[in-house]
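Encoded as structure tokens, the structure appears first; notes follow it.
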Amino acid sequence: MDKELLESFIDEITELNAEILQVLKALSVDLNQPEEFLKFSNIIDRIYGTALTLGYDDLGKYCGELKTIARLTGNSGIPRARQPVMRMMLNYTTHFKLLKESIEYPEKTAAFNTAIKVDLKKMEKMHSEIFVYADKKNSIIKS
């Protein structure tokens, strides 16, 4: 892959990470800010799109799931989703160094992929246990 393109991607995710840290700071003060979850979702969506375009499928899948649960949290108004989703968002920041290293040094990709597999399983479980359950419960109540 073109080195200049990779450097541009690294610069982009570094800038976006600064925005993510601002969102997380706001949420650490008050989790009852759905707009911050939506803002996070939009930022991650930018990384998701670029990752898939560049062929980083595992990163794309991870960012896609993270984007989805953050957006659902912002849109759903389900209070019990906020704390676990916030933990996943914080995990992204801890994985950020591995992410950058895996892009700069492809031999480190396995370490990043291993780190995000656990989070992917947790996000999938959250999706089914929190959001799908809430949808089913709401549809039963409405019928």
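Where a number appears in this text, it was derived from the coordinates with a stated rule and is not lab data. Fair warning: this is a prediction, and the values are worked out from it, not measured in the lab. A quick note on method: Cβ atoms are made from the backbone with ideal geometry, for glycine too, and the neighbour counts reach across all protein chains shown.
Some points to look at:
- Nearest-ten-degree value, helix 133-142 long axis tilted from longest Cα axis of the chain: 30 degrees
- Ranked list, fewest to most other Cβ atoms within 10 Å of each Cβ, for Arg80, Arg71: Arg80, Arg71
- Proximal charge balance of Glu65 [Cβ under 9 Å; K/R count +1, D/E count -1]: 0
- Pairs from the table (Lys39/Lys125; Lys61/Lys125; Lys67/Lys117; Lys25/Lys108; Lys61/Lys122) lying more than 20 angstrom apart at Cα are Lys39/Lys125; Lys25/Lys108.
- For the chain, built as a Gaussian network whose Cα springs stay under 10 Å, the top-fluctuating residue of Tyr56, Tyr92, Tyr105: Tyr105
- Contact order normalised by residue count of the chain, Cα under 8 Å, 6+ apart, percent: 22 percent
- Dipole size of segment 3-142 about its Cα centre, with +1 on Lys/Arg Cβ and -1 on Asp/Glu Cβ: approximately 820 debye, rounded to the nearest 20.
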